[in-house]
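Heads up, the thing below is written out as C-alpha cells.
Coordinate-derived values only; no laboratory data. The shown structure was predicted, so the numbers you read here are calculated from the model rather than taken from an experiment. A quick note on method: Cβ atoms are made from the backbone with ideal geometry, for glycine too, and the neighbour counts reach across all protein chains shown.
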Amino acid sequence: MSTSALNHNAPAARRPLTVRGLGKSFGGIHAVKDISFDVRPGEIVGLIGPNGAGKTTCFNLITGFYGPDTGEVRFGADEVTGCKPYHMARMGIVRSFQKTNILKSLTVFENVLTGHYMEARQPLWRTFFPGRAVRETELAVRDSAARIVQMLGLAHRINTPASVLSCGELRLLEVALALAAKPQILMLDEPAAGLNSQEARNFGEILKTLLGDLVQSILIVEHNMGLVMNVSDRIVVMNFGEKLAEGTPAQIQADTRVIDAYLGGGKKA
Amino acid sequence: MKFEKHCLWALMALGAMLPFVVQDQYVLHIAIMVLFYAILATSLNLVVGYVGEFSLGHTAFLGTGAYAAALLSTQYGWPIWATIPTAGVLAAIMGFIVGGITLRLQGPFFVIVTLSFAEVLRLVADNWIALTNGPMGIAGIPQPELLKEASNLAAKQFYYAIVWALLALALYLSFRFVHSNAGRAAVAVRENRYVAQSIGIRPLSYSMLALVLGAMLSGMAGGFYAHYISFVGPEVFRFAFMISMIIMVLIGGKGTLVGPLIGALLVTFLEEYLREAKELRLSIFGLAVIAIVLFLPRGLMGFITQRREARSSAATSLQSTPAADGRPA
C-alpha cells in the first residue's frame with residue numbers, strides 16, 4: 001500500500017481505475033479469479049453476472065474491504081491494492097452496499113450531511129474551538145447536503161428519519177450518501193434492487209445527470225438489465241468468479257456466451 | 001440542536017443560582033454529588049451514546065483521576081488547581097492506552113475487556129501498598145489553603161463552584177464534540193461501521209477521541225472527588241460507581257446531552273431518599289432499568305424528543321391546528 005497516494009485529493013486529476021488480475025479465494029473456492037478491467041474517466045461501466053459470480057467480492061476487493069490474494073488495483077498512477085476502505089474513500093473512490101446500508105436512526109438530511117465528512121474535516125482542536133472558517137465550512141456542507149437531497153428527489157423527505165423510508169427512497173438515499181463524499185469514482189452495488197420499473201427508469205436518468213458534474217465515472221453492479229443496458233457505456237460480464245466478456249451493451253446482448261450464462265436465450269430457446 | 005442547547009443553558013443557570021438560594025449544608029452536599037455524577041454520566045455517555053460501545057470500565061478513569069489527585073496533593077503538596085487538570089490528563093492517557101487495546105473489539109468483547117481493565121486497576125490499588133496504601137486508601141487529602149478559616153458551609157459552596165465549573169467544561173466540550181464533524185463521524189461509526197468507512201471515516205479515530213475525551217472528564221471528576229471527600233480507596237474502582245453511571249445514562253437517554261444530567265439528578269435523589277431501604281433500593285433500580293430498556297429504549301430525553309418531533313410533524317401537516325399548542329415539552 002502506498003501512503004503517498006493518500007495525499008491526492010485534488011479533484012482536477014481525471015484518473016482511470018485499473019483492475020489487473022484480481023483474485024481472491026475463500027477456503028479453496030475461487031470467489032474472484034483473474035479479473036481485469038478499466039473504468040475510464042467519463043464512463044459508466046456495468047458489472048453484471050449471475051448470482052454468486054463474484055461481483056460484490058470484486059467491489060470489496062477494489063474498495064479494500066477484502067485484501068486481494070493476487071492482482072492489483074491502480075487509481076491513475078497510484079497503486080492502491082489493499083488500501084484500507086477509508087483510504088480509498090479519501091482518494092475519491094466511494095461505494096454503496098448491496099444490502100441497504102445507511103445511518104438508520106438519522107434523518108435523510110443528517111445522513112447526507114454526515115456523508116460530507118471529508119469535506120468538513122478539521123484539525124482536532126477546531127472541534128472544540130470552532131472559528132469562522134469552521135462555521136463557514138459547516139454552512140457550505142449543509143448547503144451542499146440540501147442540494148444533493150434535492151437532486152435525488154428526496155426533498156419532501158429531507159427531515160424524515162431514514163428508518164421509515166420506502167425501499168426506493170432508501171436506495172436513493174444510499175446514492176445520496178455516497179455522492180456526499182464527493183467521489184471521483186462512484187461504485188454502486190445493486191442500487192436499483194427493489195425498485196419498480198418506473199422507479200428504475202427514473203433512477204437511470206438521475207445516474208446519467210451525475211456524470212461529469214459530480215462524479216467522473218460510475219461502476220455499477222445491477223441485475224436490472226433495462227437499467228444497466230440503458231446507462232452503461234461498457235459492460236463487464238462475470239461468471240463463476242471469472243470475466244466472461246466485455247463490450248458495449250449491444251455487443252454483450254449479442255454475445256452467445258453471455259446469453260448462455262446469464263441473459264438467457266429468450267425466444268430463441 | 002437548538003432545543004438541546006436551551007435545555008443545557010437553563011439547567012446550568014438553575015445550577016448556578018442554587019447556592020444563593022439554598023444555605024443548607026446537606027442539600028448542598030447532595031447538589032454537589034448530583035453535579036459530580038452528571039460529569040461522570042456525561043463522560044460515559046460520550047462512549048455509550050455516541051460511539052455505541054458499552055464500556056463497563058469507566059471507573060478505571062474515575063479511579064485513575066482520584067488516585068492521581070490524592071497522591072499528587074498528599075505526597076507532593078500540589079494545590080487543587082493543579083491536581084484536577086493533571087488528573088484529567090493522566091486519565092486521558094489511561095484512556096488512550098485502554099482504548100488502543102479495547103477499541104479494536106466490538107460488542108460483548110469490548111464490554112468484557114473494559115470491565116476487566118477496571119477490575120485489574122482495583123486489584124493494583126488494593127495490592128500496591130507502597131504507592132496506594134492498599135485497602136486503607138489515602139486519607140487526609142489536604143483542603144485548599146483558602147478553606148483553612150472558612151466555615152463548613154463556605155467550604156461546601158466552594159466545592160459546589162468547582163464542580164459546577166467542571167460540569168460546565170464537560171458540557172461545553174461534549175456539546176462541541178457532538179455537534180461537529182467529528183461527532184457526526186462518531187455517530188456514523190455507531191450506526192454503521194461499513195458506511196462510515198465508505199465515506200472516508202477511520203472508525204478507530206473517532207471511537208478513540210470519544211473515549212479519551214470521556215476518560216479525561218471522568219478523571220477530572222475523580223480528582224475533584226478525591227479533594228471533596230478527602231479520602232480515596234480502592235472502592236473508587238468498584239462496580240457500584242459503574243452501575244450508578246449506567247443507570248443515569250440509560251434513564252436519562254443515551255445519545256443525548258441533556259439525558260445524563262436528568263439521569264444524574266433523578267438517580268442521586270432516589271439513592272439519597274431510598275437510603276433507608278438499603279437492599280430494596282438496588283432492586284428498585286434494577287426494575288427501573290428493566291422498565292426503561294423495555295418501554296423507553298431511548299431514555300426520558302429520547303422519549304421527549306420523539307414526542308416533540310411527532311408533534312411538530314403533526315403540526316406542519318395539519319398546518320398548526322390548535323391541537324399542536326399543548327403544554328411545552
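With N residues in chain A, what two-decimal value do you get for its Cα radius of gyration over 2.2 N^0.38 Å? Don't jump to the answer; show the numbers that get you there.
Values: Rg = 19.0 Å, N = 269, 2.2 N^0.38 = 18.4 Å.
Compactness ratio reported: 1.03.
Mind listing P(r) for the range B:49-108? All alpha-carbon pairs, 10 Å bins, whole percents.
The percentages, shortest bin first, are 22, 43, 23, 11, 1.
What is the pair-distance distribution P(r) of the range A:59-102, computed from all Cα-Cα distances in 10 Å bins starting at 0, with each bin given as a whole percent?
Going out from 0 Å in 10 Å bins, the range A:59-102 shows 29, 55, 15, 1 percent.
Hey, what's the Cα Rg ratio for the range A:103-165 versus the globular rule of thumb, 2.2 N^0.38 Å?
1.22
Using 0.36 nm per residue of separation minus the Cα-Cα distance, give me the extension gain between residue B:96 and residue B:311 in nm, one decimal.
73.2 nm
Just rank B:248, B:17, fewest to most, by other beta-carbon atoms within 10 angstrom.
Fewest to most other Cβ atoms nearby, the residues stand as B:17, B:248.
To the nearest 0.05, how large is the calculated FRET efficiency for residue B:145 and residue B:283 if R₀ is 51 Å and r is the Cβ-Cβ distance? Intermediate results must be reported in sequence, preceding the final value.
On the way: r = 45 Å, r/R0 = 0.89.
The value I calculate is 0.65.
Based on the alpha carbons, how large is the Rg to Rh ratio for the range B:176-284 when Rh follows Kirkwood?
Details: Rg = 17.3 Å, Rh = 16.3 Å.
Rg/Rh: 1.06.
From the cross-link list A:84/A:182; A:24/A:55; A:99/B:254; A:84/A:208; A:84/A:104, which pairs have alpha carbons spaced over 20 Å apart? Display every interim value, and only then the final one.
Numbers: A:84/A:182 18 Å; A:24/A:55 12 Å; A:99/B:254 27 Å; A:84/A:208 29 Å; A:84/A:104 24 Å.
Beyond 20 Å: A:99/B:254; A:84/A:208; A:84/A:104.
Out of every Cα-Cα pair in the range A:206-264, what percent are more than 13 Å apart? It would help to have the intermediate numbers written out before the result.
Values: 1085 of 1711 pairs.
Every Cα pair in the range A:206-264 considered, those over 13 Å come to 63 percent.
Which whole-number value in Å³ per residue fits the convex hull of the alpha carbons of the range B:5-95? Before the final figure, lay out the partial values.
Values: hull volume 12.0 nm³, N = 91.
About 132 Å³ per residue, rounded to a whole number.
Can you pull the Kirkwood radius for the range B:137-223, inverse mean 1/r over Cα pairs, to one decimal in Å? Don't skip to the answer; put the middle values down first.
Values: mean 1/r = 0.0636 Å⁻¹.
Across the range B:137-223, the inverse of the average 1/r is 15.7 Å.
Taking the number of other C-beta atoms within 10 Å as the exposure measure, put B:256, B:59, A:209, B:132 in order starting with the fewest. Don't skip to the answer; put the middle values down first.
Values: B:256 25, B:59 32, A:209 11, B:132 21.
Ascending Cβ contact count within 10 Å gives the list A:209, B:132, B:256, B:59.
Counting DSSP beta bridges in the protein assembly as shown, what percent are antiparallel, to the nearest 5? Walk me through the intermediate numbers first.
Details: 22 of 39 bridges.
If we restrict to bridges inside the protein assembly as shown, about 55 percent are antiparallel.
What's the longest bit of chain B with no exposed chymotrypsin sites (Phe, Trp or Tyr not before Pro), using DSSP loop states and at most 15 other Cβ atoms within 10 Å as the test? Walk me through the intermediate numbers first.
Working: sites that count: B:76, B:128.
It runs B:129-329.
Quick check on the range B:2-237: what does the Kirkwood estimate of hydrodynamic radius come out to from the alpha carbon pairs, in Å?
Details: mean 1/r = 0.0543 Å⁻¹.
Roughly 18.4 Å, rounded to one decimal.
Using alpha carbons only, how many angstrom separate the centre of the range A:38-111 from the centre of the range B:277-296?
47 Å
Could you list A:243, A:99 in order of exposure, starting from the residue whose Cβ has the fewest other Cβ atoms within 10 Å?
Numbers: A:243 22, A:99 9.
Going from sparsest to densest Cβ surroundings: A:99, A:243.
Tell me, what is the FRET efficiency for residue A:119 and residue B:269 to the nearest 0.05, using R0 = 56 angstrom and their Cβ-Cβ distance as r? Can you show the working numbers first?
On the way: r = 45 Å, r/R0 = 0.81.
So, using R0 = 56 Å, E works out to roughly 0.80.
Tally Lys and Arg at +1 and Asp and Glu at -1 over the other residues with C-beta under 10 Å from the C-beta of residue B:257: what net charge comes out?
0
With each label point set 7 Å from Cα along the Cα-Cβ vector, what nm distance links residue B:82 and residue B:120?
Calculated label separation equals 3.1 nm.
Hey, can you list the DSSP H helices of chain B whose Cα span along the axis is 24 Å or longer and whose average Kyte-Doolittle score is at least 1.6?
Working: long enough: B:2-21 (28 Å, 0.96); B:25-45 (29 Å, 1.57); B:80-102 (32 Å, 1.76); B:108-127 (29 Å, 1.33); B:152-178 (38 Å, 1.26); B:203-229 (38 Å, 1.14); B:278-295 (26 Å, 1.84); B:299-317 (27 Å, -0.35).
Within chain B the helices that satisfy the rule are B:80-102, B:278-295.
Pull up the cross-link candidates among the aspartates and glutamates for residue B:2, meaning alpha carbon to alpha carbon under 14 Å and not fewer than 8 places away within one chain.
Hits, sequence-local ones excluded: B:309.
Just the number, please: percent antiparallel of the DSSP beta bridges in the range A:131-245, rounded to the nearest 5.
Values: 3 of 9 bridges.
Approximately 35 percent, going by the DSSP bridge assignments.
Please report, to one decimal in angstroms, the Kirkwood hydrodynamic radius of the range B:83-183 built from all distinct Cα-Cα pairs.
Values: mean 1/r = 0.0581 Å⁻¹.
About 17.2 Å, per the Kirkwood formula over Cα pairs.
For the charge dipole of the protein assembly as shown, defined by +1 on Lys and Arg C-beta atoms and -1 on Asp and Glu C-beta atoms about the Cα centroid, which residue among A:167, B:93, A:83 has the Cα displaced farthest towards the positive pole?
A:167
Putting +1 on Lys and Arg Cβ atoms and -1 on Asp and Glu Cβ atoms, find which of B:40, B:102, B:133 reaches farthest to the positive end of the dipole of the range B:2-237.
B:102
Just need log10 I(q)/I(0) for the range B:104-258 at q = 0.17, 0.20 Å⁻¹, Debye formula, equal scatterers on the alpha-carbon atoms, no solvent, rounded to two decimals.
Treating every Cα as an identical point scatterer, log10 I(q)/I(0) equals -1.19, -1.38.
Would you mind giving the average projected area, over all directions, of the Cα convex hull of the range A:143-269 in nm² with one decimal? The partial results should precede the final answer.
Values: hull surface 36.1 nm².
One quarter of the hull surface, i.e. the mean projection, equals 9.0 nm².
Quick one: if you take sqrt(5λ) for each eigenvalue of the C-alpha gyration tensor of the protein assembly as shown, what semi-axes come out, biggest first, whole angstrom? Mind dumping the intermediate values first?
Details: eigenvalues 569, 145, 85 Å².
Calculated on Cα positions only, the semi-axes equal 53, 27, 21 Å.
Going Cα to Cα from residue B:156, which lysines come in below 26 Å? Please leave out same-chain ones fewer than 8 positions away.
By straight Cα distance, residue B:156 reaches B:148.
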